[in-house]
Amino acid sequence: MTKTLIQEEKLMNFINGNWVNSSSNQFTEVKNPANLETLVQVPLSSEDDVNKAVQTAKEAQKEWALVPAPQRAEVLYRVGMLMKERKEDLSQILTMENGKVIEEARGEVQEGIDMAFYMAGEGRRLFGQTTPSELKDKFAMSVRAPVGVVGIITPWNFPIAIATWKSFPAIVAGNAVVWKPATETPLMAYELAKIFEESGLPKGVLNVVFGSGSKVGNTMVHHKDIRVISFTGSNDVGRTIAAKCGEQLKKVSLEMGGKNAVIVMDDADLSLATEGILWSAFGTSGQRCTACSRVIVHEDVKERLEERLLSEMEKLTIGNGLDETNKVGPIINKDGLEKIQNYIKIGQDEGAKLLAGGYVLNNGEYADGNYFAPTLFTDATPEMKIAQEEIFGPVVSLIPVKSFEEAIEVNNGVEYGLSSSVFTRDVNRVFAAQRDLDTGIVYVNAGTTGAEIHLPFGGTKGTGNGHRDSGVAALDVFTEWKAVYVDYSGKLQRAQIDVE
Ligand code: NDP
């Protein structure tokens, strides 16, 4: 019944403000991970389609950059309003294509709405600096200039939120966008492009090209007229993109994986910690870059925490995310299920103790979908693979420690640095933790997920390359700093030389 929300059988690319067929005329099916029903056919576009999108973006950007930023922002306000009006429909489509439960889908769409209004506000800020010149009768300032054509490549796990984190700051700053959404989740891209179309965005400022990473994504990365690539996805793909961009001296912003931990100290509120762990570990079926997949627990409270987690995990209802009573939805596809299952075997072979879950759910109501039972390991050690590598599924491992200092060391002993959390009532530990946890996001007495859009989002070490999505920091990758000097002395004044 909800499928009637999807009006198209076959999607088209959005280029120069028009819906156009891909020149390849090739498609692949998009399936609902909850029941494997086919939702839509998505084009597998060609290099030619990318070239057309970039050409049109290049032309459109010249005009768009001349529109005053507060007027550019008006478009984002309208986008935000339309998203708000359609929030429920968007959320249901999101649940169908991605699987996450409807409550979380609503949260994700809300994140996009928040970002629209926040970035629209930037249209009246986009602050640069004025600063005194060292010379008389001379004015000095710095301004943000758009980069030009921006290439955006997004993953399936937050198909609308991540797109808004990237496209909204890019557009308000005066750039034009070519966006390649993940092939698994094209419907959110289609809906967002339709909203942009209705909002009055000039033709060619936003272009959507559907297709594979190896063809469409790769062509974007190599296109000489795309001056910046903003990517969220896996580490392997991110590293490859960074290397290719490096060769071309192209700006690149990467947000990639995580191996996020919740630290539970001996003085923690265990009931609150249990809730925080459950929400962070099993929300979006663990398929969040900020998902909690390690719990670093003080040995004095380990057993009590295990008992609480097991008892609460039993209450988790698993199933189709459109059913409001379900708390955990499906895994995106069969490859994802296989990867998770493989890690269960690895964990057991490494000697971790499996306390709950660890299997694919494939009987009865689960037979047609991609479901995995929420899983709890205990007595893991920091160097085990299940405690080091990103699993991207509903699997969490308890690692016992003897002290706060050891907990911090274990937290930091992974290649990633996205999010971390500490449950404690000791104010000294709170401040030491926020200083010493080597992650881009730190939570105190909350799980590892729940970023707000006006703060920077991203990670240290192997999670990224130093850029941030969200917050005012998101503007950095989509703008160039330009220094402007205006000399009104009427004579040649030489810096560093004619200083009196
Ligand atoms: P992938 O890296 O496989 O894909 C991400 C995007 O990149 C997709 O659109 C994909 O296209 C595209 N892509 C794939 N290969 C290439 C290529 N050679 N050149 C250019 N583009 C390419 O990641 P997933 O989609 O599987 O997403 C899961 C990963 O994303 C996890 O590791 C997770 O941690 C990370 N992630 C990180 C976040 C963060 O902010 N730190 C947030 C969300 C996810 P297609 O799939 O259509 O072929």
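The values are calculated or read from the model by the stated rules, or taken from the named source; none is laboratory data. Quantities reported herein were computed from a predicted structural model and do not represent experimental measurements. Positions of Cβ are generated from backbone atoms using ideal geometry, with glycine treated the same way; all protein chains shown enter the neighbour counts. Ligands, DNA and RNA are excluded from the accessible area calculation, which covers all protein heavy atoms including side chains. Shrake-Rupley method; radii C 1.70, N 1.55, O 1.52, S 1.80 Å.
Which percentage, to the nearest 5, of the DSSP beta bridges contained in segment 364-500 is antiparallel?
Counting DSSP beta bridges with both partners in segment 364-500, the antiparallel share is about 30 percent.
Nearest 10 degrees is fine. How inclined is helix 102-122 to the longest principal axis of the chain, computing both from alpha carbons?
For 102-122 against the chain, the angle is about 20 degrees.
Can you tell me the 0 to 90 degree angle between the C-alpha axis of helix 302-313 and the longest principal axis of the chain, rounded to 10?
The answer is roughly 80 degrees.
What do you get for GluC sites (Glu not before Pro) in segment 238-317 restricted to DSSP loop and a cutoff of at most 10 other Cβ within 10 Å of the site's Cβ?
Glu314
Find the accessible area per residue for the chain; the probe is 1.4 Å, ligands and nucleic acids are left out, and the unit is Å².
Computed with neighbouring chains in place, this is 41 Å² per residue.
Starting with the highest mean, order 211-221, 5-15, 165-175 by the number of other Cβ atoms within 10 Å, averaged over the residues of each peptide.
165-175, 211-221, 5-15
Calculate the spin-label point distance for Trp19 paired with Val484, positioning each point 7 Å from the Cα along the beta-carbon direction, and give it in nanometres.
With each label point 7 Å from Cα toward Cβ, the separation is 4.1 nm.
Listed here are the pairs Lys62/Lys224; Lys3/Lys215; Lys180/Lys385; which of them are more than 22 Å apart at the Cα?
Lys3/Lys215; Lys180/Lys385
Would you mind checking the tilt of helix 161-172 against the longest principal axis of the Cα atoms of the chain, expressed as 0 to 90 degrees and rounded to 10?
10
With each pseudo-label sitting 7 Å past Cα toward Cβ, what's the Glu9-Asp225 distance in nm, one decimal?
Label at Glu9, label at Asp225, 3.5 nm between them.
Quantify, in whole percent, the carbon and sulfur part of the accessible surface of the chain (1.4 Å probe; protein heavy atoms only).
50
Given the peptides 47-55, 286-294, arrange them by the average over their residues of other C-beta atoms within 10 Å, most packed first.
Ranking, from highest mean packing down: 286-294, 47-55.
Working out 0.36 nm times the residue gap between Glu29 and Val67, then minus their Cα-Cα distance, what length gain in nm do you get to one decimal?
9.7 nm
Could you please state, rounded to a whole Å, how far the C-alpha centre of segment 187-239 is from the C-alpha centre of segment 348-407?
34
Using the basic label-point model (7 angstrom from Cα toward the beta carbon), what is the Glu324 to Lys385 distance in nanometres?
For Glu324 paired with Lys385, the spin-label model returns 4.3 nm.
Let me make sure I get this right: for segment 302-360, a, b and c are the square roots of the gyration tensor eigenvalues over alpha carbons, sorted descending. Under 1.5 in a/c it's rounded, otherwise prolate if a/b > b/c, else oblate. Which is it?
In terms of gyration-tensor shape, oblate.
Based on DSSP, what percent of beta bridges with both residues in the chain are antiparallel, to the nearest 5?
Beta bridges within the chain, antiparallel portion: roughly 45 percent.
How would you classify the chain from its alpha-carbon gyration tensor, with a ≥ b ≥ c the square roots of the eigenvalues: rounded for a/c under 1.5, else prolate if a/b is greater than b/c, otherwise oblate?
Oblate.
Express in nm, to one decimal, how much length is gained between Ser142 and Ala356 on full extension, taking 0.36 nm for each residue of separation and deducting their alpha carbon distance.
71.3 nm
Going by a ≥ b ≥ c, the root eigenvalues of the Cα gyration tensor, does segment 35-138 fall in the rounded group (a/c under 1.5), the prolate group (a/b larger than b/c) or the oblate group?
oblate
Where the centroid of each part is defined by its Cα atoms, how far is segment 13-68 from segment 252-329 in Å?
Answer, in whole Å: 37.
At 222 nm, what value in deg cm²/dmol follows for the chain if DSSP H runs of at least 4 each add -39500 (n - 2.57) and the sum is divided by all its residues, to the nearest 500?
-11000 deg cm²/dmol
With both partners inside segment 270-425, how many of the DSSP beta bridges are antiparallel, as a percent to the nearest 5?
About 35 percent, rounded to the nearest 5.
Please give the peptides 350-358, 369-377 ranked by average Cβ packing (other Cβ atoms within 10 Å per residue), highest first, as a rough proxy for protection.
369-377, 350-358
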